[in-house]
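The values are calculated or read from the model by the stated rules, or taken from the named source; none is laboratory data. Here the structure is a predicted model, which means the values were calculated and not measured. With ideal geometry, Cβ positions are generated from the backbone for all residues, glycine too; neighbour counts draw on all protein chains shown. Surface areas here come from the heavy atoms of the whole protein model, side chains and all, with no ligands, DNA or RNA. Shrake-Rupley method; radii C 1.70, N 1.55, O 1.52, S 1.80 Å.
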Amino acid sequence: MGGDYEIIVGGGVREYGLQAERGWDRYDSLDKKNCLRIADITEKSIYLGFRGSSERNSAKGGFCPTLKIGYNFYDFDVKEKDVVIDKKDRSFFVSLGAERLF
């Protein structure tokens, strides 16, 4: 390989909400009755990957190909007591992409 690739290790945290809107279609217009905040979700990721050499590609002004393999771990804070969420605590992912380093 001779410096053509770099190993990358990383992680991240994302937070987002799950909600549902209820309403009806009245006179070809959607009227919202209410919005239920179902859960707050925290996603934690860890990954290992490979990146094309940044020295070689940044000198050309190009992109570096990347491959990441990892796991996401989820924490659910359910807000509605009568709602049941069919959930998984973790998931596996593979990511292919390109990065431009400055």
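Things to note:
- Charge sum, other residues only, whose C-beta stays under 11 Å from CYS35's C-beta, Lys/Arg counted +1 and Asp/Glu -1: +3
- Ranked from largest to smallest solvent-accessible area, with a 1.4 Å probe on the protein heavy atoms, TYR74, TYR27 come out as TYR27, TYR74.
- Reach of LYS32 by Cα under 15 Å, taken over aspartates and glutamates that are not fewer than 8 positions away in the same chain: GLU21
- In terms of accessible area, using a 1.4 Å probe and ignoring ligands and nucleic acids, ILE7, ILE41 rank largest first as ILE7, ILE41.
- VAL13 accessible area, assembled protein chains, probe 1.4 Å, Å²: 100
- Listed candidates (1) 1.18; (2) 1.65; (3) 1.82 - label of the one calculated as Cα Rg over 2.2 N^0.38 Å: (2)
- Cross-link reach is defined here as a Cα-Cα straight distance under 20 Å, omitting same-chain residues fewer than 8 places apart; for LYS88 the lysines meeting it are LYS44, LYS79.
- For the chain, averaging the sequence separation of C-alpha pairs within contact (under 8 Å, six or more residues apart) and dividing by the residue count gives a relative contact order of 27 percent.
- Here the sum of -39500 (n - 2.57) over DSSP H runs of 4 or more residues, divided by the residues of the chain, equals -1500 deg cm²/dmol at 222 nm, to the nearest 500.
- With protein chains left intact and a 1.4 Å probe, residues in the chain average 79 Å² of accessible area per residue.
- Near LYS79, the amide H atoms lying under 5 Å from its own belong to ALA39, ASP40; only residues 5 or more places off or on other chains count, and H is placed 1.01 Å from N.
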